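In what follows, a single structure is set out as C-alpha cells and then discussed.
The values are calculated or read from the model by the stated rules, or taken from the named source; none is laboratory data. A quick note: this is a predicted structure, and the numbers were derived from the prediction, not measured. Glycine gets a Cβ as well: all are built from the backbone with ideal geometry, and neighbour counts include every protein chain shown.
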Amino acid sequence: MKSLLFISASPHRRGKSLRLIHNIISHSDFQADDVNILLPHQYSIQPCTGCEYCRIHHKCKIDNDDFHKIAGYFTSFTAVVIISPIYFYHLPGTFKVMIDRFQPYFYQNNHQPNMFRGMAVLYGASRGKKLFDGAQLTLKYFLETINTDLSFCYNMREISEWSDFTPHLKTIYKKIGDIPWN
C-alpha cells in the first residue's frame, strides 16, 4: 500500500508550510488514507546530548519524551515530503532537534540501497546564494538514515507572503505527483 508522509518543519501553527501541505493535498489525487501529516513542533522532544549511548546500544538513552511517537510515523510510508522554511540558513530548531534524535537509526542502518523516495520544498525570505546548502545536506543524510533518497529538492527564495508561492505551485504539484511509488 502506498502512503505519503508530509512533514511540516515549521514551528508556526498556522504558517505557510502547513498551508502549502494542505494546498498540495487539495490539488492532488491522493486518497485520505494515503496521506499522513507530521508536525514535529507539537511533540515534546528532548535534544540529543551527544552521549553516544546509541552507538553501542542502538537506541537512545532518552526515553521520557515523545520521540517514540514520531519514530512510528517513519515505519509505513512509501514517500516523504518535507516542507520547511529556512531560518538563518538552516532548518527550524524544533525540526532539527527531531532529526538529531534519529542518530540511533544511523548506527543501526545497514546502508542498503534506499528503498523510499523523499522530496523537500524549502523556502526562505532572503536571496542568499547558499541559503539552502546546509539544510539540503542535513535532509539528505537524515533521509538516508531511514533508507530514503532525497530525490528532489525544490528551493524558493524571497518568500515572505503566501502570494509569493503562486508562481511555484504548478511545479510543486507536478514534482510531488511524479514521486514514484515503489
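Observations on the structure shown:
- Here MET115 does not fit the description of being of a type outside the set (Gly, Ala, Ser), within 24 Å of ARG14 (Cα to Cα) and out of contact with any His (no Cβ under 7 Å at 6 or more places or on another chain).
- Out of GLN31, GLN46, GLN42, sole residue that is in contact with an Asp or Glu (Cβ under 6 Å, 6 or more places away or on another chain) and not aliphatic (A, V, I, L, M): GLN46
- Number of residues in the stretch 23-46 that are surrounded by 11 or more Cβ atoms within 10 Å (Cβ to Cβ), free of Cβ contacts under 8 Å to residues at least 60 places away in the same chain and within 26 Å of ALA79 (Cα to Cα): the value is 13.
- TYR107 vs. criteria surrounded by fewer than 16 Cβ atoms within 10 Å (Cβ to Cβ), in contact with a Cys (Cβ under 6 Å, 6 or more places away or on another chain), assigned to a helix (DSSP H, G or I) and at pLDDT below 95: yes
- Near pairs, Cβ below 7 angstrom, 6+ apart or cross-chain, from the stretch 163-182 (at pLDDT below 95) to any residue that is basic (Lys, Arg): ILE179/ARG117; PRO180/ARG117; TRP181/LYS2
- Among the residues of the stretch 47-100, those that are touching a Phe, Trp or Tyr at 6+ places or on another chain (Cβ under 6 Å), exposed (fewer than 14 other Cβ atoms within 10 Å of the Cβ) and outside any helix (DSSP H, G or I) comprise HIS58, LYS61.
- Filter result for ALA79 (more than 27 Å from LEU169 (Cβ to Cβ) and among the hydrophobic types (A, V, I, L, M, F, W, C)): no
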